[in-house]
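First up is the structure itself, then whatever we jot down about it.
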Amino acid sequence: MVFSTAVRAKWLLIIVGPALFMLAGSALVILFLPHPVPKNAAPAQRIYLGQCATCHGANGRGSWRATLFLMRPGNLADPRATEALSDEYLFTLIKHGGATIGKPGMPAFGFHLSDEEIREVMRYVREMPKRERR
């Protein structure tokens, strides 16, 4: 049985088309879905995993997603990096973003988080190096 080129192209499209569609969809899901949040997570951990972990990683050392987009977020698990920053600086950085202080990759979360939620995230970030040592 000899198939024409048009029939081969149609069958190839029927077989390869859905596979490519599923592959592209899977790549988009991996890149753009937020980090999973455990059901027993504390409120500050929920905020961190939902808002910050995409770039900073769940452990604070940076994520592969940030590396893929050529971003270098700060290492929050390094105690020297977080202890050197004042609370006022961290609060301003999280609330207003990094563009105002020379860190253009950091988005502003002041519209999404209340001042108290920002302070909770700051405490969570300051505790990260201590949890890493355990």
Q: Scan (1) buried (at least 17 other Cβ atoms within 10 Å of the Cβ); (2) assigned to a helix (DSSP H, G or I) for the single condition Glu116 breaks and write down its number.
A: (1)
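Okay, residues lined up against (1) of a type outside the set (A, V, I, L, M); (2) loosely packed, with under 14 Cβ neighbours inside 10 Å; (3) in contact with a helix residue (DSSP H, G or I) (Cβ under 8 Å, 6 or more places away or on another chain):
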{"site": "Trp11", "(1), (2), (3)": "yes, yes, no"}
{"site": "Leu23", "(1), (2), (3)": "no, yes, no"}
{"site": "Val37", "(1), (2), (3)": "no, no, yes"}
{"site": "Ala53", "(1), (2), (3)": "no, no, no"}
Q | Options Gly98, Gly60, Gly105: the member that is crowded, with 18+ Cβ neighbours inside 10 Å and either under 16 Å from the mean Cα position of the chain (by Cα) or free of Cβ contacts under 8 Å to residues at least 24 places away in the same chain (or both) | A | Gly60
Q) Residues of segment 54-86 being farther than 16 Å from Pro129 by Cβ and of a type outside the set (Val, Ile, Thr), which ones? A) Cys55, Ser63, Trp64, Arg65, Ala66, Leu68, Phe69, Leu70, Met71, Arg72, Ser86
Q. Is one or more of the residues making up segment 76-91 closer than 19 Å to Arg119 by Cβ and touching a Phe, Trp or Tyr at 6+ places or on another chain (Cβ under 7 Å)?
A. no
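Laboratory data are not the source of any read-out in this text; all were calculated from the coordinates shown. Note that this is a predicted model, so its numbers are computed, not measured. Here the Cβ is made from the backbone with ideal geometry for all residues, glycine too, and neighbour counts use every protein chain on show.
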